[in-house]
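The values are calculated or read from the model by the stated rules, or taken from the named source; none is laboratory data. Quick caveat: nothing in here was measured; it's all calculated off a predicted structure. Cβ atoms come from the backbone with ideal geometry, glycine included; neighbour counts cover every protein chain shown.
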């Protein structure tokens, strides 16, 4: 192994995840201590901690290319793992690493650039004969052109940002009279979010499933796929629950879509781990959407059903090793489900609920895996994402996995912040979800209530409120329940909650 | 006051969804459902903090806020808000609510620190309860801030690009009569 020490250019659960594998491989790691989270859990997994707490810059260090390169050089790291988010899909960062003789644990800068630009990616997919939704040839320069092309494709259409992601700069248009206005809005939003106003148009696929394929490629040109993940449970393009495999695919379709994913990866000389995203419509027709050139949040479900450690493969590939796993060796076994437990208030439309985790207890059953970067006492800070933990459950088939997931959800105990747990408890009981017939519009269209509360819960809560009232006003003795004293009454949240009754 | 306290025989817990629960004072550690009585206990330990024990299962409980007789309880990760009233208070409340006029103006405040990405409301425009008025970006997410009432926008105190603190007043809305 040439790689001896990896700088983790990330934080939270993914930093922990990467360092666990590095440790298993006897590779040292460097983590960066920031003033925002000086006692974060990920620091305890590192061999070397670089103290960046004096840094008063407005820009987080994980987004500062020059600073990160400087830290790698100072700490003697010979490789950088970017994780996901931050600079994971920044071609310039990957290039800078290589310029400084630091191995970038990810694909080539060229592949990141080509797949990061959605219009270039579309062109590549088109020339590789990958099925795609009908769309504009490239970026659209003005409203008139947009109206013309949309008419040719036929409504509904979707406007997307060329440099986009995460749903920003995206607009669905159903009527010609809205086209001009929406084009301008999308373009402005794209410019604000990505410094690039370019947008393009695609036919909008109604009620699809989101199916993505995990790819692994080495620097010698070997590329395989590790099957699909179904990520249709999403809200505003943010995934909440992922599973692998998908009940929408049979072996024939899996093989066909998998080979398409490999084909597009090959077209950009892809190496490392990557994800090719497709939309699958109700006629089982699939359309290439985009390729993500990083390790993804939901990678554990693939690891659980294939037994392959994706981070290990990324490190080996970056190290120049040939892929030892052949396509025929990839066997899908069982079913895995991941729930993203975020600090969000589902009763207030998933509004972020940052705060301190007062108590945390996680299930340790053999069918459960929890990837987390927090522990009791950790803070979920508003500067970063709201992830608390990923609850990953493995079963022999989907029914078994769902059953175990339901059990595991009741064993997760988090106090101090509101979480997405009640949402998943609802999901496990929802017939459309358990039947597997849901699509990406599930949360928007099929739900009356975002959370599950069992019978008598309100009654028991009322009992507790009454008990507190009696103890505070009518007697003296009491157990004082855990109390969030730091918090003020918040009319906005309260109003949103009340409006949901 | 000692004697007065013992005179109160029952208490009303009124939920934000207008449901009414009646409990006896002193409070019993069991609740009758149908013909059966089930034991309910508030307990506490180091690992779990406070919890309610009900039908052999532990449910996490927290008090999110309490002010006078208003309690927001988090029970199994879901919030419930109650007003606790004595029989006398309950009667008075019902009389008052018949007499009292409604609030005239509602202030839409920022629920957390963040950056305003869009202001959807326009001064003078009508808004409906639940209609988004401002888009706030915080924690890498865009959050719709909705109007809590039906009414007319009378003042907008922010614009896109502005960094706001928690509780900054973003929009003022005149409540529809």
Residues that are on the phi < 0 side of the Ramachandran plot, at pLDDT below 95, surrounded by fewer than 20 Cβ atoms within 10 Å (Cβ to Cβ) and assigned to a strand (DSSP E or B): does the range A:174-193 have at least one? no
Residue B:43: passes all of (1) facing chain A (nearest Cβ under 7 Å); (2) within 21 Å of residue A:359 (Cα to Cα); (3) modelled with pLDDT of 90 or more but (1)
Inspect all residues belonging to the range A:399-418 and state whether any of them is part of a loop (DSSP other than H, G, I, E, B), in contact with a strand residue (DSSP E or B) (Cβ under 7 Å, 6 or more places away or on another chain) and on the phi > 0 side of the Ramachandran plot. yes
Some residue of the range B:121-136 being touching a strand residue (DSSP E or B) at 6+ places or on another chain (Cβ under 7 Å), in the same structural domain as residue B:15 (by TED's automatic domain parsing) and in a strand (DSSP E or B): no
Whichever residue in the range A:358-374 is modelled with pLDDT of 95 or more, outside any strand (DSSP E or B) and within 14 Å of chain B (Cβ to nearest Cβ) and, among such residues, is farthest from residue B:46 (Cα to Cα): A:364
Take the residues in the range A:249-276 that are in contact (Cβ under 8 Å) with a residue 40 or more places away in the chain and under 15 Å from residue A:301 (Cβ atoms); name whichever of them is nearest to the other protein chains (Cβ to nearest Cβ). A:275
A careful count of residues in the range A:432-456 that are in a helix (DSSP H, G or I) and either touching a helix residue (DSSP H, G or I) at 6+ places or on another chain (Cβ under 6 Å) or closer than 16 Å to residue A:248 by Cα (or both) gives 5
Residue list for the range A:270-289, filter: within 13 Å of residue A:121 (Cα to Cα) and surrounded by fewer than 20 Cβ atoms within 10 Å (Cβ to Cβ): A:277
What about residue B:68, is it over 16 Å from residue B:19 (Cα atoms) and within 7 Å of another protein chain (Cβ to nearest Cβ)? no
On the given criteria, is residue A:134 surrounded by fewer than 16 Cβ atoms within 10 Å (Cβ to Cβ), farther than 20 Å from residue A:314 by Cβ and touching a helix residue (DSSP H, G or I) at 6+ places or on another chain (Cβ under 8 Å)? yes
Can you confirm whether the range B:36-53 contains a residue that is in a strand (DSSP E or B) and out of contact with any strand residue (DSSP E or B) (no Cβ under 7 Å at 6 or more places or on another chain)? yes
Name every residue in the range A:137-152 that is surrounded by fewer than 18 Cβ atoms within 10 Å (Cβ to Cβ) and touching a strand residue (DSSP E or B) at 6+ places or on another chain (Cβ under 8 Å), in order of residue number. A:138
Top-ranked residue in the range B:14-40 [being over 22 Å from the mean Cα position of the chain (by Cα) and facing another protein chain (nearest Cβ under 8 Å); ranked as nearest to residue A:465 (Cα to Cα)]: B:27
Assess whether residue B:130 counts as being within 13 Å of another protein chain (Cβ to nearest Cβ) and either at pLDDT 90 or above or within 30 Å of residue A:379 (Cβ to Cβ) (or both). no
